[in-house]
Amino acid sequence: GEDVEQSLFLSVREGDSSVINCTYTDSSSTYLYWYKQEPGAGLQLLTYIFSNMDMKQDQRLTVLLNKKDKHLSLRIADTQTGDSAIYFCAENYGNNRLAFGKGNQVVVIP
Amino acid sequence: GAGVSQSPSNKVTEKGKDVELRCDPISGHTALYWYRQSLGQGLEFLIYFQGNSAPDKSGLPSDRFSAERTGGSVSTLTIQRTQQEDSAVYLCASSNPQETQYFGPGTRLLVL
């Protein structure tokens, strides 16, 4: 089945850049997503990338996609304390179902 | 416009009782998904509705779980004879077909 893997924890100083990585298995996924979950809250769509793209930039967010290696990354520039959250990557498969990674907790140190 | 809403936001129940969780999707979205987020399993797909088609129930963990979607809008997820391992956050999402899913805030279920 679909398997999405992420590292678990990242601490970063405010103002620095943070990079979160993810690997996925389904090469037929048409979209790959990054969702953000703040404590006690639901999942907020951050950004997504179409599978035929290599990179997408959206303000402070840069998504890089390496289809050959099935590797997805999210770079957050000028990390702010409000960026502290759990970040999930996800791939779509089947009936546009989403398979999620285990999440990566980002802690921003002031 | 309004996002996906879910109720109740929190539910505490006793083992063996039945619970119903409700999801109101974004107006006009024809696709509706239920997921479960638990400590041990992460985020798992449960069930998918698309228009009037038969739902994709392939993610339901047991026959104690069922869901329906009335009138192509509101959905109810029912868990019968709840067990402690059912404790989790149940998340609903809606979308247009094959498009980005938008999630509700979730229902936090605790089975004692």
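For the subset of region B:58-112 comprising residues that are in contact (Cβ under 8 Å) with a residue 60 or more places away in the chain and among the small types (Gly, Ala, Ser), which member is farthest from residue A:92 (Cα to Cα)? The selected residue is B:106. Residues in region B:42-57 that are free of Cβ contacts under 8 Å to residues at least 12 places away in the same chain and at negative phi were compared, and the one that is nearest to the other protein chains (Cβ to nearest Cβ) is B:56. Contact map, region A:20-41: first residue in contact (Cβ under 8 Å) with a residue 12 or more places away in the chain, second residue part of a loop (DSSP other than H, G, I, E, B) and of a type in the set (A, V, I, L, M), Cβ cut-off under 8 Å, separation 6 or more or different chains; pairs are A:22/A:4; A:23/A:4; A:24/A:4; A:25/A:4.
As a summary of the residue check, residue B:27 satisfies the conditions (1) open to solvent by 50 Å² or more (accessible area, probe 1.4 Å); (2) assigned to a loop (DSSP other than H, G, I, E, B); (3) closer than 22 Å to residue A:99 by Cβ except for the one numbered (3).
Filtered by the rule that a residue be open to solvent by 20 Å² or more (accessible area, probe 1.4 Å) and either at negative phi or not charged (D, E, K, R) (or both), region B:80-99 gives B:80, B:83, B:84, B:85, B:87, B:89, B:96, B:97, B:98, B:99. The residue that is farthest from residue B:36 (Cα to Cα), among those in region B:100-112 that are open to solvent by less than 20 Å² (accessible area, probe 1.4 Å) and away from chain A (no Cβ under 11 Å), is B:111. As a summary of the residue check, residue A:60 satisfies the conditions (1) open to solvent by 20 Å² or more (accessible area, probe 1.4 Å); (2) within 12 Å of chain B (Cβ to nearest Cβ); (3) free of Cβ contacts under 8 Å to residues at least 24 places away in the same chain except for the one numbered (2).
Can you say whether residue B:68 is away from chain A (no Cβ under 12 Å), in a strand (DSSP E or B) and surrounded by fewer than 18 Cβ atoms within 10 Å (Cβ to Cβ), as far as the supplied structure shows?
Values: away from chain A (no Cβ under 12 Å): yes; in a strand (DSSP E or B): yes; surrounded by fewer than 18 Cβ atoms within 10 Å (Cβ to Cβ): yes.
For residue B:68, the condition - away from chain A (no Cβ under 12 Å), in a strand (DSSP E or B) and surrounded by fewer than 18 Cβ atoms within 10 Å (Cβ to Cβ) - is met.
The values are calculated or read from the model by the stated rules, or taken from the named source; none is laboratory data. Quick caveat, the model's predicted, so the values are computed rather than measured. Reconstructed Cβ throughout: ideal geometry from the backbone, glycine too, with neighbour counts over all protein chains shown. What goes into the accessible areas is simple: the full protein's heavy atoms, side chains included, and nothing from ligands, DNA or RNA. Shrake-Rupley method; radii C 1.70, N 1.55, O 1.52, S 1.80 Å.
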